[in-house]
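What follows is one structure encoded as structure tokens, with my remarks underneath.
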């Protein structure tokens, strides 16, 4: 009798061990953090439209939609103002305008120069996103706090601009939950290229499950789409001495390059990774 065949068992490591990137990891991290500094400054100078959609992904399920304008008040704080009243056909859950405000108030994952000191970065290899070649890093906070939330997840960094073009992760702190009553935990964020130099976050999606009163799992999907970016109007000039220099003008408005990669998934369906 012939001996039994041997099988080549390939085990997937819990920690990735790719070869080194073509440029030093720390250089990639320092450069994408510097680009995050610039991106945040530019992003904060724009007002934009933000549409929110919740879908019940079950037979006969409904959806909730609302649209608002994100703007900055004179006190420097960002607000979301309703421009299109919510429409809901949800069948199995309730979602209110206050839930929308809580959703859009979730902080963005912005890993600036000041922020990266709070995290450990693990290089996980390279990945192709549409037409972009990217470096992938796992990101974990060094310590948790009860006072603020941190990002825990994965980022994709374009190998040309050395800018973050996608992130996938969750909010974590030293308290249970994510700091809200929302059913969504993991958030996938796509960015689009503006003026051929800024990668701004424009598309956020999250899939999660809630338990209904019938003790069944209900699949929900959240989609947040930002569009119609316009520079904020200049603030009224304050009284100043005649020799005071004029304030710099706001940046020129620009729509995103037609479909700048990585494209948001077609039909608002996240790409599997």
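The numbers here are math on the coordinates, done by the rules we state, and not lab data. The model shown is predicted, which means the values in this text are computed figures rather than measured ones. Neighbour counts are summed over all protein chains in view; Cβ atoms, including those assigned to glycine, are modelled from backbone coordinates with ideal geometry.
Laid out as a table, the results:
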{"quantity": "Segment residue 160-residue 114, length gained on full extension (0.36 nm per residue, minus Cα span)", "calculated": "14.3 nm"}
{"quantity": "Estimated inter-spin distance, residue 45 and residue 228, nm [label 7 Å along Cα→Cβ]", "calculated": "2.2 nm"}
{"quantity": "Segment 25-232 - percent relative contact order, Cα under 8 Å, separation 6 or more", "calculated": "22 percent"}
{"quantity": "Mean projected area in nm² (Cα convex hull; one quarter of hull surface) for segment 9-134", "calculated": "13.2 nm²"}
{"quantity": "Expected-Rg normalisation [2.2 N^0.38 Å, Cα atoms] applied to segment 25-232", "calculated": "1.07"}
{"quantity": "Isotropic mean projected area of the C-alpha convex hull, segment 125-197 (nm²)", "calculated": "6.2 nm²"}
